[in-house]
Amino acid sequence: MTSNEPWWKDAVVYQIYPSSFLDGNGDGTGDIKGIMQGLEHIKSLGADTIWLSPVYESPMVDMGYDISNYEKINPLYGTLEDMDTLISACHSKQMKIVMDLIINHTSDKHAWFLESQSSRDNPKADWYHWHDGRIDANGKRSVPNNWESYFGGSAWEWCPTREQYYLHMYSVQQPDINWDNLDAREAVYNSAMRFWLDKGIDGFRIDTMPIYIKPRGYPDAPIKNPDSYTQRDGGWEHHPEVFDLHREFYDKIWSKYGELLLVGELLNIDDKSVALKYCSKSAKRVGMGFQFDTACIGYELDWYEVDPWTIPQFAKSIADWQQFVEGTDGWTCQFLENHDIGRSVDRFGSRKYWAESAKLLATLEATCSGTLFVFQGQEIGMTNVPKDWPIEEYIDVSSQGYWERAGKTPEAMANLQLVARDNSRTPMQWSGDVHGGFTTGRPWMRVNENYVDINVKKQDGDQASVLNYWRRALKLRREYNQVFVHGNFRLLESSQEKVVIYRKSSNSSTATVVLNFSDEEALEELPEDIGDLVLSNVDSISTVGRLQPWEARVYINIR
Ligand code: GLC
């Protein structure tokens, strides 16, 4: 390990989606008690940090991303005492714990919003974005502008008590906080940030980081879709003043709590220089950012129209986001799954070669530089929901919004089957027991029927399983962390469109990774100075240059 680097660079972070992880009390929803029970599994995988998607009090319109009280725990998940116990349990196992920080908006049931919406002159009247709307020549009132919420429809909602509109970039029940109001700022600092840092958590995943400051004067978004009044891409991401705000977070809060893991959600970003403004060390904002270019290749987050893409494009995207921090003081991270996207084996792998392709993706993840994030279930190759599930099983607010606005077509269904958020949110498959061992009650969301074949218990005892492959891959990552976590990344030429070869290098070693993203065998000439084979997902390698379908190899050459 490198001792002079912050701990979070070498961390392997395991993301827990609380509702679907493990139900400890039999009510059908995962909870903190279940998380406690699952810690050993996470540790045995080789992850050393957990990130909890929100566990705060919430009406659950957007699965906890609508918070009604930052200082309380959703009773579905447990109590504040349970959280204290979880924090100490993690620390006593030498694990770290990171929470989700959702501060672009609160729930419309948060006491701050209830007060703010009650009149135009209460003390919190200005804590959210309020607007009279537009009045036309005939005196008819309409929304202030054409902004479209990320979940579809206008980003403005009429409030009868104030006779004004409020802004919500997500659902109607998620009003955006007005960050210009200094009292609101201070309240967020105390309630959402200091409250939890004082309890000893080790960092935050910062939700929707680029959109806290809205374009001044709420100008209309450019019209890119002439068929709709509301428009996406209103320039509300990366406002110049949002960088000042994140610097303020650092100066006032983060810097007071030692080495925190701070990963900000960058949303849809392709400009690497903008990404660096958030995550360069000297800029003092966050440690790293989640960019969705790679994981969302072919579409945009929250917008499910999927275009075709190729393996060379995918590889280039990985390379770009690996390299953008090289030679700078910035840091990157690597992930292919989270609670907002489809399962990686269905996006980038193969159902025909399910195990091989899940292991190939594990190889890719374990050998990429930056902090690694693994989403629950990814370690056993959990899949998207079955194709025969009807639309009623897609219960996510964003999926429903898309289904409506896309006109309920077969194409829309095909897109949902591939990338809907529901795909990654099905309950964790622990065993072949009823409901996959997730609960003894009635699961809050339908369990994927393939739990009979794909589950932790079955894979745990099988050395050839996806789970045990992940364990080996993460062990290798730790052992050679200089080259895998901190090394430089270079794509090498390959003669086959679906073969990806890259080199990782550090001062003392070079690793070469060979991945065949195809159901077909491939012949490839490999570099001569490739070194020793240290990881492979097939039983035996026939000829050096002959790659079996979805074969993955890692070679190391130590100088
Ligand atoms: C982030 C979360 C997503 C949520 C949205 C609104 O993108 O990851 O799940 O719906 O923010 O908070």
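General remarks:
- Being hydrophobic (A, V, I, L, M, F, W, C) and free of Cβ contacts under 8 Å to residues at least 60 places away in the same chain is a description that does not apply to Val500.
- For the stretch 388-441, a residue qualifies if it is β-branched (Val, Ile, Thr), touching a residue at least 60 places away in the same chain (Cβ under 8 Å) and within 16 Å of the ligand (Cβ to nearest atom), and the qualifying residues are Val397, Val419, Thr426.
- Residue match in the stretch 427-437 (condition: under 22 Å from the mean Cα position of the chain (by Cα) and among the aliphatic types (A, V, I, L, M)): yes
- Scanning the stretch 371-419 for residues being of a type in the set (Ser, Thr, Tyr) and not in a loop (DSSP other than H, G, I, E, B) gives a total of 4.
- Any hit, the stretch 166-177, residues being free of Cβ contacts under 8 Å to residues at least 60 places away in the same chain and of a type in the set (Phe, Trp, Tyr): yes
- Residue, surrounded by the fewest Cβ atoms within 10 Å (Cβ to Cβ), within the stretch 86-106, restricted to residues that are within 11 Å of the ligand (Cβ to nearest atom) and outside any loop (DSSP other than H, G, I, E, B): Asp100
- Failed criterion for Lys457 (all others in (1) assigned to a helix (DSSP H, G or I); (2) among the basic types (Lys, Arg); (3) over 30 Å from Met60 (Cβ atoms) hold): (3)
- Matching residues in the stretch 322-336 - criterion: being among the acidic types (Asp, Glu) and without any contact (Cβ under 8 Å) to a residue 60 or more places away in the chain: Asp329
- Only one entry of Lys33, Lys124 meets the criterion of being touching a helix residue (DSSP H, G or I) at 6+ places or on another chain (Cβ under 8 Å), of a type in the set (D, E, K, R) and within 24 Å of Thr440 (Cα to Cα), and that entry is Lys33.
- Tyr77 meets each of the listed conditions (1) under 20 Å from His41 (Cβ atoms); (2) surrounded by fewer than 15 Cβ atoms within 10 Å (Cβ to Cβ) apart from (2).
- Subset of the stretch 171-182 [closer than 22 Å to Phe243 by Cβ and surrounded by fewer than 20 Cβ atoms within 10 Å (Cβ to Cβ)]: Asp180, Asn181, Leu182
No lab work stands behind these numbers, since they all come straight from the coordinates. As the structure is a computational prediction, the values presented were derived from the model and not from experiment. All Cβ positions, even for glycine, are placed from backbone atoms using ideal geometry, and neighbour counts span all protein chains on display.
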